[in-house]
Every structure is written in structure tokens, then in C-alpha cells.
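Asker: Okay, handing you the structure first.
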Amino acid sequence: MIKFFATAIAVFFFIPLFAQNNGQSLTDTAHNFGFENVSPNGALPDKWVKFNLAQGYTCEASTAERHSGNRSLFIEKTESVAGDGFASVVNIIPAKYKGKEIEFKAWLKFVDVTSYVGILIRIDDASHTVLEFRTLQDQHIHGTKDWGLYSIKAAIPADAQTIYVSAVLGGPGKLWVDDTQVLIDGKDISQAKLNPDYNPHPVKKPAYGSNSAVSGAVKLKTATLYYETYSSGEPLLLLHGNSQSILAFKYQISDLSKKYKIIAVDTRGQGKSTDETTGPLSYDLFADDMKQLLDSLHITKTNILGWSDGGNTGLIMAVKYPAYVNKLAVTGANLFPTSDAIPDTVWKQVKQGITEWSAGTDAHSKMEVRLFTMLLNEPHLTFEDIKKIQAPVLVMAGAHDLILEKHTRAIAAAIPNSKLVIFKGASHYVPVEIPKEFNAEVLKFFSGQQQ
């Protein structure tokens, strides 16, 4: 239901990558950044692995085109397959180097690319939480271009465990990659100093959304809601988006729990929450569920952070149950399911998703059909409704959000006590694309520093 780059962002963020290779040495030949080393019968250059390979794509070492040396990395879409797709190849680097900044450089050549090519850096901690994620999204690289040097930088967090550098091709086209380089504080990685505090085998913490030590469940009439609580203090309810779970907020929970008691919940039928109904779903139903959850936890008033569907639910709660809402922050929310709020291209993709999920007969596929169908029919808010909201509201979206910016601005304008933030260079996935900036805005708003 989302365009190529948003799809790629979601995949790179919500799916753990690979176990790191702690046996790599410090030499460039070990990392094979020049793609020269290929094992017998191997398709890809050594040390490079396929992260995502959608149907219709091929990835391999190539001798036909190269910037220098004998080989390059080649990615091509060879078959016409319906739907958005992308292919990416990743090099996995232990974050055992002492430094503040990493830079990834690559020479790229591409032909007839209609969607996107680029490179990226992802840095995880020991629990596979993404600490840094940088792409070339803002450059909108596509078309046909001869060899050119591209570069991207990211800060190295103190608790970095694994670094991933990757080349990506989205949609039709051909991409060659060669002579990549990784630098730490401006020096080639082969010259970088080792961090003596780096632990190659750290103790992993339980993942958000699967942390039984802090979990609970509330039985409703037609559902059981799974939730997790973190820290103490003023409550803050986290509401995720369509087909997601508590895990969607894994880049927010740590920062937000320093100031607030986090109640992170899986919406009915998603994550570990169940749903015993079979009819149409609605955001009003989700809002009613959240009220019952709060009642069960004896919480009479809470702050709420809602993303996408969670933002829609939060707005309905502010309208329907104003006494329960202290402050509300939403990102990527909409009031109604029309082309005035969301582009027609997105509706087309939603319908395509319904068709694809309808082919499945398992419980998960059936739930996805219901969730996607809800997108076509919900919500049913009006600007007159949100004019009645009494709580302060932070209205956020990415500059390249699925929600039209004019709609986001209209929501902010209609709510009496609101603040609007549009994040430059970000999409519908602001909380995972730029978590530090996003978290800072949210904390500033809830703390009362933002008026």
C-alpha cells in the first residue's frame, strides 16, 4: 500500500538483518569493497549478501561493466512483475571501530531506472534496534547515468553493535556498483582504531513486543489486548499503524520512557492481540478498545502518541473521550478515506494488497484483508469534529508522506490548540527514518516546551 521507497524503508527497519561476521579482519580485501573476490560457483562477490531480492530481480558479480579492476556488483530487474519491489545487497561490518562518524562511498552506474537507486547505512545495537539509518532518498536518483561517486554519512552511536552498508535498486532498471569504501572519521576502515570496549557477543535484551517481563493482557468482550509497560511516571499510550505492532515504536520507547510511563499496545488482531470478530473493523472500535484498556489499568487520563492508524484512533479518542486525553501527538493521520487526504495511487495499491491477501486462506491473510479494507472505508471524522478537541495536539507528517501535506496542514489548522511539524526529507515512516528528530519533537511537546 505504499510507494517503493516507503516499502524499502519499512523492510529495512522492521526486519532484522543478519548475524554479524565477527571474523572479518581490518583489511579492505576482507570486506571485498572492490567486488574483486568471488568464490568458485558463487554468484555474488564474497562478503556481500542479498538482503532483499524481490521476484524478478537478479544480483551477481559482473565483468561486463566496472569502474576499475575486473568486477563490479550488478543488480537488474529481469522480469516484469506486478507491484512495487526492490533488490539490495549488504555488507555486514562489526561496529568495533573507535570513531564518531562513518562514511560509505560507492561508484554507481545505472540505466533505465524508473524508481530509485542509492546506497544506505544502517547501524544496530545488540538487540537489533536501529540506531542510525541514512539513505540518499532526498536525491531522487533515477534514470540513466554513467559512473559517478555517491556518498553518505552517519554518526556512530556509543552502543553500536553492527553496521550495514548497502546498494539498492527499486523498480525496473540496471545498476552497477563498484569501488565502495567505508571511512571512520575520514580514514579508510583499514586504518581505523579498534574500540577496546566492543563486545562481539553481548547479552541481548528482550525485543519490544516480545518482552514477557513487562507484558500484560486485558480481556475484552471480543478481543484480548496485549500490552507492555516501561518505566514510571505520567502515562503515555503508544498506538501503532495498520498491520504493525508494538515493535513499530522500538526507536521511541527507550527515549520516551526516560520521562514517561509507556503503555505500548498491540491493536486488536495485530501483534499478539487477538480479535474474535469477523465483520468490518473501524477506528471507533479501536478507540473503544483503548478506553477499556485504560479503564482496566485504572488510568483516567493519558498522553497519546499515534502513528498512521494509531493517529486516527488517537484523534477519535480526543473527540469521543476527551476526559481521557491529556495531550495527543499524531503522525501520518487522516480524517477520511478520500483523494482529498491520500493520493489515488495509494488507493490503487491498497486495493491491490486486498487482492493479494485474499488469495490466502489462513487467519493472518484474512485479518490483513479486513485491515486493508478498513483503509478504504475509514475513518469518518470531519473538520467540525476535530474543532471540538480540547487537548493540545501535535500534528506531524513527513514531507513525502502518504498523507497529502495539504490534508495534514488542514488538520492542524482545524484543531484549536495544535502545533504542526513537517519533517523535511522524511516519508510516512518518520519515526524510523529520523527517530532522534522525531523523538525530540514529541518530548518537547509533551513536556510543554512547545507552544
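The values are calculated or read from the model by the stated rules, or taken from the named source; none is laboratory data. Because the structure is predicted, anything quoted here is derived from the model rather than measured. All Cβ positions, even for glycine, are placed from backbone atoms using ideal geometry, and neighbour counts span all protein chains on display. Quick note on the areas: whole protein, heavy atoms, side chains included, nothing else; ligands and nucleic acids left out. Shrake-Rupley method; radii C 1.70, N 1.55, O 1.52, S 1.80 Å.
Asker: Counting C-alpha atoms alone, how compact is the chain: give Rg to one decimal and Dmax as a whole number, in angstrom.
Answerer: 22.8, 69
Asker: If you don't mind, there's one more thing I want to ask. So, with +1 on the Cβ of K and R and -1 on the Cβ of D and E, and no other charges, what is the size of the charge dipole of the stretch 230-380 about its Cα centre, to the nearest 20 debye?
Answerer: That gives a dipole near 460 debye.
Asker: Starting from the exponent 0.38 and prefactor 2.2 Å, build the expected Rg for the stretch 104-230 from its residue count and divide its actual Cα Rg by it.
Answerer: Relative to the 2.2 N^0.38 Å estimate, the stretch 104-230 comes out at 1.46.
Asker: Specify the angular offset, from 0 to 90 degrees and rounded to the nearest 10, of the alpha carbon long axis of helix 283-296 from the longest principal axis of the alpha carbons in the chain.
Answerer: 80
Asker: Then there is this: Using mean Cβ contacts within 10 Å as the protection proxy, how do 31-37, 98-104, 130-136 order, highest first?
Answerer: By packing density, highest mean first, the sequence is 31-37, 130-136, 98-104.
Asker: Roughly speaking, what is the centre-to-centre gap between the stretch 41-72 and the stretch 230-280 when only Cα atoms are used, to the nearest Å?
Answerer: Comparing the Cα centres of the stretch 41-72 and the stretch 230-280, I get a distance of 40 Å.
Asker: Take the alpha-carbon centre of the stretch 406-437, take the same for the stretch 84-139, and report the distance between them in whole Å.
Answerer: 25
Asker: Starting from the Kirkwood radius over alpha-carbon pairs of the stretch 177-323, derive D by Stokes-Einstein at 10 °C in a medium of 1.306 mPa s and give it in µm² s⁻¹.
Answerer: Values: Rh = 17.4 Å.
In µm²/s, the coefficient rounds to 91.
Asker: How much length, in nm to one decimal, is gained on full extension between Ile299 and Ala217, taken as 0.36 nm per residue of separation minus their Cα-Cα distance?
Answerer: Full-extension gain reported as 28.0 nm.
Asker: May I ask you to give the solvent-accessible area per residue for the stretch 39-100, in square angstrom, as obtained with a 1.4 angstrom probe?
Answerer: 48
Asker: Around Arg370, under 12 Å between beta carbons, what's the net of Lys plus Arg minus Asp minus Glu among the other residues?
Answerer: Result for the neighbourhood of Arg370: -1.
Asker: Quote to one decimal, in nm, the extra length available between Ala363 and Glu405 on full extension: 0.36 nm per residue of separation minus the C-alpha distance between them.
Answerer: Value of the extension gain: 11.6 nm.
Asker: Give me the distance in nm between label points sitting 7 Å out from Cα along the Cα-to-Cβ direction at Asn37 and Ser447, one decimal.
Answerer: Those two pseudo-labels are separated by 4.7 nm.
Asker: Using the heavy atoms of the protein chains and a 1.4 angstrom probe, tell me the accessible area per residue for the stretch 200-244 in square angstrom.
Answerer: On a per-residue basis, 51 Å².
Asker: Still on this structure, please answer the following. Helix-only mean residue ellipticity at 222 nm, the chain, DSSP H runs n ≥ 4 weighted -39,500 (n - 2.57), per residue, nearest 500. What is it? Intermediate values should be presented prior to the final figure.
Answerer: On the way: 11 runs with 105 residues, N = 451.
Roughly -6500 deg cm²/dmol at 222 nm, from the helical runs in the chain.
Asker: Please report, as a whole percent, how much of the solvent-accessible surface of the chain comes from carbon and sulfur atoms (probe radius 1.4 Å).
Answerer: Of the solvent-accessible surface of the chain, carbon and sulfur hold 51 percent.
Asker: Going by accessible area, probe 1.4 Å, with all protein chains left in place, what is the ranking of Lys250, Lys219, largest first?
Answerer: The residues order as Lys219, Lys250, largest area first.
Asker: What ranking, highest mean first, results for peptides 196-204, 277-285 when packing means the other Cβ atoms within 10 Å averaged over each residue?
Answerer: 277-285, 196-204
Asker: Going by accessible area, probe 1.4 Å, with all protein chains left in place, what is the ranking of His142, His240, largest first?
Answerer: His142, His240
Asker: Taking only protein heavy atoms into account and a 1.4 Å probe, give the accessible area per residue of the stretch 276-409 in Å².
Answerer: That works out to 41 Å² per residue.
Asker: Determine the distance separating the Cα centre of the stretch 289-334 from the Cα centre of the stretch 145-213; give it in Å without decimals.
Answerer: For the stretch 289-334 versus the stretch 145-213, the Cα centre distance is 37 Å.
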